[in-house]
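Student: Please find one structure pasted underneath; my questions will follow.
The values are calculated or read from the model by the stated rules, or taken from the named source; none is laboratory data. Fair warning: this is a prediction, and the values are worked out from it, not measured in the lab. A quick note on method: Cβ atoms are made from the backbone with ideal geometry, for glycine too, and the neighbour counts reach across all protein chains shown.
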Amino acid sequence: MTRIDLVDLAHSYNPQTQSAGEYALKKTSLTFAAGGAYALLGPSGCGKTTLLNLMSGLLTPTEGAILFDGVDVTLRTTEQRNIAQVFQFPVVYDTMSVYDNLAFPLRNRGLRGAAVDLRVREIAAMLDLTPTLARKAKGLTADSKQKISLGRGLVRADVSAMLFDEPLTVIDPHLKWQLRSQLKQLHAQVATTMIYVTHDQTEALTFAEKVIVMYDGAVVQIGTPEELFEHPNHTFVGYFIGSPGMNVLPATINGKTAVVGGHTISLPRFYGKPLASTRTELGIRPEFIRISENGKGLPVRIKRVDDVGRYKLARVALGPLALNVMVGEDARLPADSAGIVFEPGRLHVYVDGHLVEGSA
Amino acid sequence: MDKIADNRAWFMVLPVLVLVAFNAVIPLMTVVNYSVQESFAGNVFFFEGSKWFEQVLHSDRFHAALLRQFVFTGTILAIEIPLGVVIALTMPRRGPWVSVCLVLMALPLLIPWNVVGAIWNIFALPDFGLLGRLLNGIGLHYNFTRQASDAWLTLVLMDVWHWTSLVVLLAYAGLVAIPDAYYQAAKIDGASRWAVFRYIQLPKMRRVLTIAVLLRLMDSFTIYTEPFVLTGGGPGNATTLLSIDLVKIALGQFDLGPAAAMSLVYFLMVLAMSWVFYTVMTQGEART
């Protein structure tokens, strides 16, 4: 159990050029509470893996410091940090047996005999690897190889933290569910700090107590899954979390009103008058738009309705703007044009992509 | 799907057949033909059966050359393979120095073989060669034209200088093909430098090293030009390897029959060794 603090951490893969755009990770300060389960969520290339590699010591940061329980470990090696990390693509030592693969991290740290055997068999049982323990790790399926990689990450009981870099990408969906719940279970048992990198929001939201959303080398929001859903700090979070993501509409804001596509709607709070040079937008999730029965509200054309199981997804056009609207499974929709109403408490105002709170 | 059978298609492979016939089959068959005949004045032939083969296989001269050949090949393999791997391991994996290293490494391979022999001959001359003068200057009595041990030393040095690069380049190709993730995982697993070599680098280099050993084995077994230019097989017969001996018999004495028989024995030996080595290496791989 280790608390991890990142202090003004930044990294550029090119140490010479120091222009802001070159940073794979922009200046970030974060705290991972001891024993927490975190997910790092973001699209490919947003700096998730860089952040992870900085924490495990595979990379040395260009700027800033990393503290483990208050001790500066920025310049310490991976081994000294005692971190477990599992990578996106399986790494197995294919001249060794599966058993030796799992025992490798333990033996490298001087453990021998029964201590090794106990842990290896425990982890093998958890990952369903017991029947293959005796065979060579060569020529196994991608699934099994990744399970071995995962096993080598989990086999050491005393690690400061376990970092998972999209470990389930190559694993088939059925097994994915199973392994993910096993990881969660394991976390409940050992209470090691776990950080799980993914670009799959379902994975992030089911695994973690707290989700850290990254975008373009910066952390844009940290919160529980509910917070991210209900209160996205950044249009990117709104768009990235949720399926489909939040509707983001260009709007002109003036005090308590907004003009969207030529229609004026009233806002629940007072937002003043943002500068004309800024980009102002209105965010509303598809879940919080209602199709009014009497045709009141903003006039839209219904372009398509998809039945996606528990609800229907209507794609509507408000003038030139396209929106997604979620409606109940049994709701009857007008054929062509309809009126939509935004739930007032769910409207968010964004200036240059960032959430503005407004005042009462 | 119906296949169209048309025997005229054989004409398509005719050029290859002609080519192979001229550069392999016909010369080889000529040698086979010579090996069972006695020749006089180069144009009168008598059939002799297996006489030359028996003579070659029982000849002390052949046995001595063969022994020298094995010692030479064994020595250079024992030096060049580990040395090549060590050099490849110390080369940078990326960055501007990679191309510098690669060019430096490729340089000895670009020099014509007889020039390599000439360079080392002059370099090692005891009275005015750089190496020769230096060794004698520090008190060693070095003279590769007189002392067999010095000749051997020079010969092995020359081969190592000339051919270690090939092993380096092959081993390096194997090394750079290892994804970074392996090294990262090894760091996470706390693997020592030796463990990284033993469990990651060596297994990944195995295939290219098999090729390297095979190439050096065949090449060193058939080496001719460099020792011929360096020592001419001397002093005495001290550095007379198989190919040098063969040329002495065939062109020096014009004994076409024995020379042809020796060529065939020699050829079959190289073929058999390569085959055995390759089979052992690839079977070992299939088992693991």
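Student: So for region A:21-34 (the condition being under 19 Å from B:Gln184 (Cα atoms), more than 9 Å from chain B (Cβ to nearest Cβ) and in a loop (DSSP other than H, G, I, E, B)), does at least one residue qualify?
Tutor: No, because not a single residue in region A:21-34 is under 19 Å from B:Gln184 (Cα atoms), more than 9 Å from chain B (Cβ to nearest Cβ) and in a loop (DSSP other than H, G, I, E, B).
Student: Follow-up question, since we're still on this one. Quick check on A:Val73: is it within 33 Å of the chain's Cα centre (by Cα), more than 9 Å from chain B (Cβ to nearest Cβ) and crowded, with 20+ Cβ neighbours inside 10 Å?
Tutor: yes
Student: Give the number of residues within region A:78-99 that are part of a helix (DSSP H, G or I), at the interface with another protein chain (Cβ under 9 Å from one of its Cβ atoms) and surrounded by fewer than 18 Cβ atoms within 10 Å (Cβ to Cβ).
Tutor: Of the residues in that region, 1 qualify.
Student: Filter region B:191-213 for residues that are crowded, with 20+ Cβ neighbours inside 10 Å and within 8 Å of another protein chain (Cβ to nearest Cβ) and give the result.
Tutor: Result: B:Ala191, B:Tyr199, B:Ile200.
Student: Something else: Just the residues that are in contact (Cβ under 8 Å) with a residue 24 or more places away in the chain and part of a loop (DSSP other than H, G, I, E, B), please, taken from region B:143-199.
Tutor: Residues satisfying the conditions are B:Phe144, B:Thr145, B:Arg146, B:Gln147, B:Ala177, B:Ile178.
Student: Right, here's the next one. Are there helices (runs of 4 or more DSSP H) fully within region A:193-312 with at least 1 residues that are of a type in the set (S, T, N, Q) and out of contact with any strand residue (DSSP E or B) (no Cβ under 7 Å at 6 or more places or on another chain)? List them.
Tutor: Where helices (runs of 4 or more DSSP H) fall fully within region A:193-312 and carry at least 1 residues being of a type in the set (S, T, N, Q) and out of contact with any strand residue (DSSP E or B) (no Cβ under 7 Å at 6 or more places or on another chain), they are A:201-207.
Student: Do we find that B:Leu217 is without any contact (Cβ under 8 Å) to a residue 40 or more places away in the chain, within 16 Å of the chain's Cα centre (by Cα) and more than 14 Å from every other protein chain (Cβ to nearest Cβ) in this structure?
Tutor: Judged against the criteria, B:Leu217 is not a match.
Student: Which numbered condition in (1) free of Cβ contacts under 8 Å to residues at least 24 places away in the same chain; (2) within 28 Å of B:Asn237 (Cα to Cα); (3) in contact with a helix residue (DSSP H, G or I) (Cβ under 9 Å, 6 or more places away or on another chain) is the only one that B:Leu104 fails?
Tutor: Among (1) free of Cβ contacts under 8 Å to residues at least 24 places away in the same chain; (2) within 28 Å of B:Asn237 (Cα to Cα); (3) in contact with a helix residue (DSSP H, G or I) (Cβ under 9 Å, 6 or more places away or on another chain), the lone unmet condition for B:Leu104 is (2).
Student: For residues that are surrounded by fewer than 18 Cβ atoms within 10 Å (Cβ to Cβ), in contact (Cβ under 8 Å) with a residue 40 or more places away in the chain and within 21 Å of A:Thr257 (Cα to Cα), tally how many sit in region A:322-352.
Tutor: 8
Student: State whether one or more residues within region A:134-149 are over 24 Å from the mean Cα position of the chain (by Cα), under 14 Å from B:Ile188 (Cβ atoms), within 12 Å of chain B (Cβ to nearest Cβ) and assigned to a loop (DSSP other than H, G, I, E, B).
Tutor: no
Student: Considering only region B:94-117, state which residues are closer than 19 Å to B:Asp219 by Cβ and out of contact with any Asp or Glu (no Cβ under 8 Å at 6 or more places or on another chain).
Tutor: B:Met105, B:Ala106, B:Leu107, B:Pro108, B:Leu109, B:Leu110, B:Ile111, B:Pro112, B:Val115, listed by residue number.
Student: Where residues in region A:159-192 are in contact (Cβ under 8 Å) with a residue 24 or more places away in the chain, aliphatic (A, V, I, L, M) and assigned to a helix (DSSP H, G or I), which of them is surrounded by the most Cβ atoms within 10 Å (Cβ to Cβ)?
Tutor: Across region A:159-192, the extreme among qualifying residues is A:Leu183.
Student: Going through region A:250-262 one residue at a time, which ones are loosely packed, with under 14 Cβ neighbours inside 10 Å, within 18 Å of A:Leu323 (Cβ to Cβ) and more than 31 Å from the chain's Cα centre (by Cα)?
Tutor: Matches in region A:250-262: A:Gly262 only.
Student: Do you know which residues across region B:215-243 are surrounded by fewer than 22 Cβ atoms within 10 Å (Cβ to Cβ) and part of a helix (DSSP H, G or I)?
Tutor: Of everything in region B:215-243, those that are surrounded by fewer than 22 Cβ atoms within 10 Å (Cβ to Cβ) and part of a helix (DSSP H, G or I) turn out to be B:Leu215, B:Leu217, B:Met218, B:Asp219, B:Ser220, B:Phe221, B:Thr225, B:Phe228, B:Val229, B:Ser243.
Student: If you scan region B:121-142, which residues turn out to be under 26 Å from the mean Cα position of the chain (by Cα) and assigned to a loop (DSSP other than H, G, I, E, B)?
Tutor: Across region B:121-142, the qualifying residue is only B:Leu125.
Student: Any idea which of B:Asn23, B:Asn43, B:Asn33 is loosely packed, with under 11 Cβ neighbours inside 10 Å and either in contact with a Ser or Thr (Cβ under 6 Å, 6 or more places away or on another chain) or within 20 Å of B:Tyr266 (Cα to Cα) (or both)?
Tutor: Answer to the selection: B:Asn23.
Student: Before we move on, is A:Ile123 more than 29 Å from B:Arg206 (Cα to Cα), of a type in the set (Val, Ile, Thr) and within 8 Å of chain B (Cβ to nearest Cβ)?
Tutor: No.
Student: Any residue in region A:328-342 that is modelled with pLDDT of 80 or more and either in a loop (DSSP other than H, G, I, E, B) or within 27 Å of the chain's Cα centre (by Cα) (or both)?
Tutor: Within region A:328-342, not a single residue is modelled with pLDDT of 80 or more and either in a loop (DSSP other than H, G, I, E, B) or within 27 Å of the chain's Cα centre (by Cα) (or both).
Student: Further question: Could you list all residues from region A:37-70 that are at the interface with another protein chain (Cβ under 9 Å from one of its Cβ atoms) and either over 24 Å from A:Phe236 (Cβ atoms) or in a loop (DSSP other than H, G, I, E, B) (or both)?
Tutor: A:Ser56, A:Gly57, A:Leu58
Student: Another question, if that's okay. Grab the helices (runs of 4 or more DSSP H) fully contained in region B:1-83, keeping just those with 2 or more residues being under 24 Å from B:Ile223 (Cβ atoms), within 24 Å of the chain's Cα centre (by Cα) and not hydrophobic (A, V, I, L, M, F, W, C).
Tutor: none
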